[in-house]
1. Counting other Cβ atoms within 10 Å of each Cβ, which GluC sites (Glu not before Pro) in the stretch 50-130 have at most 16 and sit in a DSSP loop?
2. Using the Cα centre of the stretch 507-561 as the reference point, and only Cβ charges (+1 on K/R, -1 on D/E), how large is the resulting charge dipole? Debye, rounded to the nearest 20.
3. Apply the Kirkwood formula to the stretch 55-106: the hydrodynamic radius equals the inverse of the mean of 1/r over all pairs of different alpha-carbon atoms; give it in Å with one decimal.
4. From the residues 90, 168, 275, which one has its Cα farthest along the dipole of the chain in the positive direction, the dipole being from +1 and -1 charges on Cβ of Lys/Arg and Asp/Glu about the Cα centre?
5. If you take the C-alpha gyration tensor of the stretch 492-555, multiply each eigenvalue by 5 and take the square root, what semi-axes do you get, largest first, in whole Å?
6. How many nm separate the modelled label positions at residue 584 and residue 216, each set 7 Å beyond the Cα in the direction of the Cβ?
7. Per residue, how big is the convex hull of the stretch 400-487 when only Cα atoms are used? Give it in Å³.
8. Hey, what number do you get for the chain at 222 nm if only DSSP H runs of n ≥ 4 count, each worth -39500 (n - 2.57), divided across all residues, to the nearest 500?
Amino acid sequence: MASVPSLASTVQQRLADALSAALPEAGSTDPLLRRSDRADFQANGILALAKKLKGNPRELATKVTDALDAGDVLKDVEVSGPGFLNITLTDRAITRTLAARAADDRLGVPLKENPGVTVVDYAQPNVAKEMHVGHLRSAVIGDALRGMLDFTGEQTIGRHHIGDWGTQFGMLIQYLIENPGELAPADEVDGEQAMSNLNRVYKASRAVFDSDEEFKERARKRVVALQSGDKETLELWQQFVDESKVYFYSVFEKLDMEVRDEEIVGESAYNDLMPETARLLEESGVAVRSEGALVVFFDEIRGKDDQPVPLIVQKADGGFGYAASDLSAIRNRVGDLHATSLIYVVDVRQSLHFKMVFETARRAGWLSDEVTAHNMGYGTVLGADGKPFKTREGETVKLEDLLDEAVERATAVVREKAEKVGLTEEEIVENGRYVGIGAVKYADLSTSANRDYKFDLDQMVSLNGDTSVYLQYAYARIKSILRKAGEARPTAHPELALAPAERALGLHLDAFGELVYEASAEYAPHKLAAYLYQLASLYTTFYDQCPVLKAEAAEQVENRLFLCDLTARTLHQGMALLGIRTPERL
Ligand code: ARG
């Protein structure tokens with residue numbers, strides 16, 4: 001593994017050195033380097049510096065230019081405008097740097113020197129309930145965040161905080177006691193059967209609960225038995241959990257996403273901690289009793305009539321709820337798992353809950369300044385009509401139906417070209433799945449998470465525009481060129497001059513690592529998606545303007561194949577971080 005400094009960082013370093021050589025009195029100054037259309041890079045930092053030193057910016061810029069160590073990296077540095085520097089690199093430096101990337105498994109991207117531990121709370125459906133499109137977003141975004149963070153060397157731990165506790169279990173368990181055999185053993189059903197059994201039991205028990213006062217009373221008593229750890233009750237509760245997991249796993253598998261059993265740690269896992277959490281909060285005065293309940297107040301959080309809205313840690317009847325489990329989870333994640341960052345990929349409508357939970361944990365000292373906590377609140381999934389996603393009958397859409405439809409449409413798209421590419425039926429089916437699921441993931445990840453997004457299958461599987469299919473085809477096209485190359489191997493030739501489209505592609509390839517670092521620090525998978533889309537577009541331009549296999553000289557062919565190969569590897573790596581497959585033939 002060899003980390004390769006990017007060209008941008010090399011130029012940045014040389015500029016910084018020149019600045020301090022030319023102007024020792026200036027102290028350290030950021031040259032403010034960015035990519036530019038006029039040259040390869042533009043540095044704007046001298047303007048601010050000149051202002052600070054009350055000097056003439058153009059004169060300063062010239063001084064800095066004279067002090068620059070150009071070596072064989074900088075081809076041309078030109079002072080322009082009021083005092084910008086336009087910087088052009090040598091072709092040799094570009095190809096040489098890319099060759100160093102190509103020689104490394106990680107494309108020359110360094111690992112963090114001091115990685116932290118990030119606990120990612122994502123993909124948290126509820127027991128005995130169908131997963132909906134919101135749970136889809138949480139799963140897709142959380143998985144991509146983990147992919148990016150892991151790649152930088154950060155240690156991530158997943159937590160699927162599933163809803164597996166609460167008063168509704170009294171009703172469900174009581175019903176099962178009175179109607180034994182309604183839930184088949186979890187190891188005898190597939191995901192679909194599990195969910196349909198759970199649905200049936202849920203509806204039936206609800207109906208009795210709403211119509212039969214005596215059943216309602218028995219269900220209430222059952223909640224108490226569950227909370228006090230009665231053995232038979234717990235066993236039946238476990239059956240609901242196990243049956244639901246069969247269903248969850250089937251959906252995650254459909255989503256082509258790995259979920260580990262030891263990371264499914266639901267609300268109930270914190271039961272034993274909750275009384276202590278409440279006691280500590282009360283003793284420290286962070287929480288107070290109010291009408292029998294234990295609550296935390298916040299000056300700035302107010303509801304109707306300007307009344308303060310409290311966070312309820314313990315209800316007046318002694319029961320613990322959602323907030324108590326989240327507070328206890330923070331103690332566990334920071335205290336036992338040694339998390340340095342906590343991320344919650346949860347619907348933006350829960351942002352107030354998390355604001356109050358984080359603030360309470362800070363007051364209690366469970367979150368210190370060294371630990372960051374962030375609710376990555378995502379927006380609503382809308383239908384193609386721009387309204388929240390519903391079936392024509394007004395029901396919420398089943399996640400599985402959506403995924404199945406995406407795969408169906410994608411398979412049709414794949415099939416159209418299959419004959420030309422020579423795909424077997426098996427490959428068509430497999431690719432259809434990768435393209436369909438990739439389309440759903442990419443559409444979600446390419447919009448910034450806090451925005452609502454339209455679930456529009458027609459647009460998602462379109463071959464043109466900012467879609468995963470477009471990226472997957474770009475990848476497969478490159479692979480096909482590499483297969484057709486015969487004897488010619490991808491080989492870098494730093495001595496060759498580069499065409500403008502080759503330079504643009506090369507500079508973008510070189511920026512991959514820095515982009516991944518930026519996107520993961522900002523928890524912004526959409527930035528990685530945008531980078532990959534631009535990479536595919538730059539490749540398309542390169543391919544239009546620079547013949548690869550028909551290039552004139554043999555070295556030219558090899559060097560272009562080398563660019564093709566590095567583009568493919570970068571696309572593949574980037575897509576993999578987002579959880580999207582790149583089939584070799586499409
Ligand atoms: N199960 C919850 C829901 O479906 C989401 C849980 C989010 N995570 C958490 N730590 N509260 O809305």
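Rule-based calculations on the coordinates, nothing more; no lab input. Everything quoted here is computed from the prediction, not taken from an experiment. Backbone-built Cβ (ideal geometry, glycine too); neighbour counts: all protein chains shown.
1. Numbers: sites: 59, 78, 113, 130; in loops: 113, 130.
Passing both the DSSP loop test and the Cβ count: 113.
2. Its charge dipole is roughly 180 debye.
3. Details: mean 1/r = 0.0793 Å⁻¹.
By the Kirkwood definition, the hydrodynamic radius is 12.6 Å.
4. 90
5. Values: eigenvalues 163, 33, 11 Å².
The three semi-axes for the stretch 492-555 are 29, 13, 7 Å.
6. Each label point lies 7 Å from its Cα, and together they span 6.4 nm.
7. Details: hull volume 9.0 nm³, N = 88.
For the stretch 400-487, the hull spanned by Cα atoms encloses 103 Å³ per residue.
8. Working: 20 runs with 305 residues, N = 586.
Computed ellipticity for the chain at 222 nm equals -17000 deg cm²/dmol.
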